[in-house]
Amino acid sequence: MPTPVKMPRLGESVAEGAVGAWLKNEGDWVEKDESLAEIITDKINAELPSPVAGRLAKILVKTDETVPVGADIALIEENADVSASPPAKAAPGADGAPVKSPAQAATPVIEVNRASAGNGASATPRSPRVDEEERQRISPLARRLAQEHGINLNMIAGTGAGGRVRKEDILAYVAQRQATPASAPRSPMVTPPVAPAPTLPRPMPEPIYAIPTAAFAPSTTETGEDVEIVTPSRMRLAIAEHMVRSKRTSPHATTVVEVDMTNIAKWLEKNKEEFRRREGYSISYMPFVMKAVCEGIRKFPTINSSWTEDNKIIIKKRINLGIAVATDMGLVVPTIYDADNYTLAGLAKLVNAVGQRARANKLTIQDMQNSTFVVNNPGTFGTIISVPIINQPHAGILSMDAVVKRPVVIEDDAIAVRSMMYLCLSFDHRILDGAGAGGFLQAVRTKLQSYGREIDMY
Amino acid sequence: MSASAKKVTRNKVTYLEAISQAIHEEMMRDEAVFLLGEDVGTYGGAFKVSTGMLEEFGPERIIDTPMSESAIIGSAIGAALMGMRPIAEMQFIDFITCGFDQIINMASKMYWRSGIPVPMVIRGPSGGGTKGGPFHSASPEAWFFHTPGIKVVVPATTYDAKGLLKAAIRDNNPVLYLEHKLLYRMPELREELPEEDYIVPLGKAITRREGENITILTYGAMVHQCLKAAQTLEEEDDLQVEVIDLRSLAPLDYEAITASAKHTNKVLIVHEDTLTGGIGAELAAILAEDLFEYLDGPITRVAAPDAPFPYAPALEAAYLPNAEKILAAARKLAAY
């Protein structure tokens, strides 16, 4: 009885997903938890581990086909014929001819149908294939990128010295393939699961389904020399849909307080380097604000709630803070679970880890679910007041802006230079009124201003 | 000259003055710190690093020694074992070879053998470009880089010269601090230093210029040649070159090196020392072993040729790596 493999749910608002690439072919042996396919959804791309060990009996969903969450996408035969042992590590080359090394296996051949001719000639010490290999020059990085994107290197003309295929060539090809709806034929090679390069933007696949929103109704687009038409990535489309839906769902109101961050700023200035050296990760204003937000939520629990479709308010007891992270591809909001349980140092560590995962495109399904409130930090871009849009289905979202030195009138009517920051709370006016929102902001401010010169991070 | 202009020049110190400041401040801060070496007392040091210190600290803390590097370093090891924090000056770093046995067989292994730390600094003028010939131009870092148990740091800027020396003095291990004599009084390196106490941590590289296309890993005086080349590459070739100043050779900042290499995918290594078995060889090995699949071009080195340091000015100019040689190597790598 074959075991079905189902389309996983990658993120709570995600209802469907597409197979970006099959990493195994029909008939291949897979180990349990070995990567089977690359799954693409609105928010993240992830490799799908095999639920069992066995032989991939049938692929039910083609590459780039979108199916609902839970749908069967493949069948795995667990009690496969024992005599058919797992394939040897060195897989046959693209042309089916025997190969002597993994490097050779990964080297594409110019004519794919040499297979039949190759059989007779395999004993010849210098087969024509060797010449072809020497002609096809590829940098190690380009070779890896080609495998990751399932690109047949024969499709690519190298622009490096001596016609070498290098990074730019692969990225240009990927960009071009994206722009053309009829995508280029994929290589028949088995693509081993390789971690994505953290610093290279992964290509976004062509948008596969239309976003069902009036705002995205087809419009007549003018073309000409004066404009450039860009097809948004899937993530861009998802963000667009979410933003419009949020504005339509929640009546947004925004309120702002000004916070004196002087003591925290001074502490950071003095201890940042030392902290980083000691702990191996950096600390910023973010953990301080997160900690204060947790305290504010404790005092005003309705901040941490949702308005349901049948007009109820769900107040959530766990405080899972989503933090907005800008990546090369767009905005993602991974979750810091139970943020109220951590020290400042603990929060700094988690923020750092999740930010790194986001930028490396390695967020997990878990990272993308279950947030209850979002802290956004556009201040890193130097902004001083931002009016954020709520991440549905939350009751509010907080933006922290840049900490800047300003002349401020202090208690005894003197003017002093203080490090000031605006905190902007956008809230769902169905759930909260100005009093509740203001109370919450006051609590956050009080906490942030309560720090003295010495701050205990643990 | 107006009063304010005078003030600015006075506040901007040279690389050499930064070294003096570091020694002075650490001696003020900690009585265990003392300086010993040839001519460091009455004469104030061959390059005047310790001018006035004998008068200020007395002959027990500023010690003129006989002309024996082995004795200077050996005494420093003994003092360190007894809880002092000696700074042993080599008049020219070339002569450190006379104390080689003390460093390799004693200082670097002492803690491992006895469990007693050896907090000492060996420092002195290194590097060429000053027409010093074969015995006054050495870059000896590779010998010590190869030896476990000794740290090696090479400051490229005035700020780092002070901060790294202070960190070296406060470190509980033997630290070889290689100052570059060409930078000692270079006007471009004059810098206003913070009034408050600061250190530059050992083991941390710094990005001197950010870029996308190529990473240059370098240190010491070559940092400035690399920055010059990077500027030209931006202006003439539209290439964004990232320049990493390693600052510490032992321990190396593995994370900074690999992060930058992963970002640009092409790495050029530049050092003034000779090519074979140099720091660049180790860096190349790290990149090839750990980041092979991130490389979009061959790891490339620019270094001095495997030959003794020449005396004739024309030969010296041909021998030393410079912005022009770096430029040529970077262009070739970019086109690969």
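Scanning region A:302-314 for residues that are in a strand (DSSP E or B) and free of Cβ contacts under 8 Å to residues at least 12 places away in the same chain gives a single hit, A:Ile314. Out of all the residues in region A:1-55, which are in a strand (DSSP E or B), under 25 Å from A:Ile151 (Cα atoms) and modelled with pLDDT under 80? The answer is A:Ile40, A:Asn45, A:Ala46, A:Glu47. On the given criteria, is B:Glu282 within 24 Å of the chain's Cα centre (by Cα), over 22 Å from B:Glu242 (Cβ atoms) and either among the polar types (S, T, N, Q) or surrounded by fewer than 21 Cβ atoms within 10 Å (Cβ to Cβ) (or both)? The answer is no for B:Glu282. Those strands (runs of 3 or more DSSP E) of region A:362-428 in which at least 1 residues are of a type in the set (S, T, N, Q), surrounded by 22 or more Cβ atoms within 10 Å (Cβ to Cβ) and not assigned by TED's automatic domain parsing to the domain that holds A:Asn45, considering only elements entirely within it, cover A:373-376, A:396-400, A:415-428. Looking at A:Pro207, A:Pro198, just one residue is within 14 Å of chain B (Cβ to nearest Cβ) and modelled with pLDDT under 50, and that residue is A:Pro198.
Among the residues making up region A:159-179, a single one is closer than 30 Å to A:Pro232 by Cβ, more than 27 Å from the chain's Cα centre (by Cα) and either away from chain B (no Cβ under 14 Å) or not hydroxyl-bearing (Ser, Thr, Tyr) (or both): A:Val165. Consider region B:147-162 and keep the residues that are among the small types (Gly, Ala, Ser) and surrounded by 24 or more Cβ atoms within 10 Å (Cβ to Cβ). The one that is farthest from B:Leu16 (Cα to Cα) is B:Ala156. Scanning region B:54-67 for residues that are in contact with a Gly (Cβ under 8 Å, 6 or more places away or on another chain) and closer than 27 Å to B:Ile104 by Cα gives B:Ile62, B:Ile63, B:Asp64, B:Thr65. Residues that are touching a helix residue (DSSP H, G or I) at 6+ places or on another chain (Cβ under 6 Å), surrounded by 15 or more Cβ atoms within 10 Å (Cβ to Cβ) and assigned to a loop (DSSP other than H, G, I, E, B): does region A:350-361 have at least one? No; the residues of region A:350-361 include none that is touching a helix residue (DSSP H, G or I) at 6+ places or on another chain (Cβ under 6 Å), surrounded by 15 or more Cβ atoms within 10 Å (Cβ to Cβ) and assigned to a loop (DSSP other than H, G, I, E, B).
Taken over region A:417-446, residues that are touching a Gly at 6+ places or on another chain (Cβ under 7 Å) and either without any contact (Cβ under 8 Å) to a residue 12 or more places away in the chain or among the charged types (D, E, K, R) (or both) amount to 1.
On the stretch given as region A:227-236, residues that are assigned to a helix (DSSP H, G or I) and within 13 Å of A:Leu331 (Cβ to Cβ) total 2.
The residues of region B:206-231 that are surrounded by fewer than 22 Cβ atoms within 10 Å (Cβ to Cβ) and among the hydrophobic types (A, V, I, L, M, F, W, C), listed by number, are B:Ile206, B:Leu227. The test for being within 12 Å of chain A (Cβ to nearest Cβ) and crowded, with 22+ Cβ neighbours inside 10 Å holds for B:Ala261. Restricting the search to region A:241-297, which residues are in contact with a strand residue (DSSP E or B) (Cβ under 9 Å, 6 or more places away or on another chain) and among the hydroxyl-bearing types (Ser, Thr, Tyr)? A:Ser246, A:Thr249, A:Ser250, A:Thr254, A:Thr255, A:Thr262, A:Tyr285 - these are the residues of region A:241-297 that are in contact with a strand residue (DSSP E or B) (Cβ under 9 Å, 6 or more places away or on another chain) and among the hydroxyl-bearing types (Ser, Thr, Tyr). Of all the residues in region B:163-172, those that are surrounded by fewer than 24 Cβ atoms within 10 Å (Cβ to Cβ) and within 11 Å of the chain's Cα centre (by Cα) number 0. The condition (being in contact with a Leu (Cβ under 9 Å, 6 or more places away or on another chain) and at pLDDT below 90) is satisfied by just one residue among A:Met400, A:Met368, A:Met421: A:Met368.
If only residues of region B:285-336 that are away from every other protein chain (no Cβ under 14 Å) and of a type in the set (Ser, Thr, Tyr) are counted, the one that is surrounded by the most Cβ atoms within 10 Å (Cβ to Cβ) is B:Tyr319.
The single condition among (1) modelled with pLDDT under 95; (2) within 12 Å of another protein chain (Cβ to nearest Cβ) that B:Val200 does not meet is (1).
Among the residues of region B:130-150, is any hydroxyl-bearing (Ser, Thr, Tyr), modelled with pLDDT of 95 or more and either touching a Cys at 6+ places or on another chain (Cβ under 8 Å) or in a strand (DSSP E or B) (or both)? Among the residues of region B:130-150, not one is hydroxyl-bearing (Ser, Thr, Tyr), modelled with pLDDT of 95 or more and either touching a Cys at 6+ places or on another chain (Cβ under 8 Å) or in a strand (DSSP E or B) (or both), which makes the answer no. Total residues in region A:350-398 satisfying the condition of being in contact (Cβ under 8 Å) with a residue 24 or more places away in the chain and either within 14 Å of A:Phe427 (Cα to Cα) or basic (Lys, Arg) (or both): the figure is 20. Condition (residue is without any contact (Cβ under 8 Å) to a residue 12 or more places away in the chain and either part of a helix (DSSP H, G or I) or crowded, with 23+ Cβ neighbours inside 10 Å (or both)) applied to region A:315-336: is it met by at least one residue? So far as region A:315-336 goes, no, none of its residues is without any contact (Cβ under 8 Å) to a residue 12 or more places away in the chain and either part of a helix (DSSP H, G or I) or crowded, with 23+ Cβ neighbours inside 10 Å (or both).
Within region B:216-229, the residues that satisfy the criterion of being in contact (Cβ under 8 Å) with a residue 40 or more places away in the chain and not hydroxyl-bearing (Ser, Thr, Tyr) are B:Ile216, B:Leu217, B:Gly220, B:Ala221, B:Met222, B:Val223, B:His224, B:Gln225, B:Cys226, B:Lys228, B:Ala229. Across region A:289-314, the qualifying residues are those that are small (Gly, Ala, Ser) and closer than 19 Å to A:Asp428 by Cα, and the one among them that is surrounded by the fewest Cβ atoms within 10 Å (Cβ to Cβ) is A:Ser306. Here A:Gly280 clears all of (1) within 14 Å of another protein chain (Cβ to nearest Cβ); (2) over 22 Å from A:Ala348 (Cα atoms); (3) among the small types (Gly, Ala, Ser) except the condition numbered (2). Given the condition within 20 Å of B:Tyr159 (Cβ to Cβ) and either assigned by TED's automatic domain parsing to the domain that holds B:Leu165 or in contact with a Cys (Cβ under 7 Å, 6 or more places away or on another chain) (or both), answer yes or no: does some residue in region B:265-273 qualify? No, there is no match, as no residue in region B:265-273 is within 20 Å of B:Tyr159 (Cβ to Cβ) and either assigned by TED's automatic domain parsing to the domain that holds B:Leu165 or in contact with a Cys (Cβ under 7 Å, 6 or more places away or on another chain) (or both).
The values are calculated or read from the model by the stated rules, or taken from the named source; none is laboratory data. Owing to the predicted nature of the structure, the values given are computational and were not obtained by experimental measurement. We place every Cβ from the backbone using ideal geometry, glycine too, and count neighbours over all the protein chains shown.
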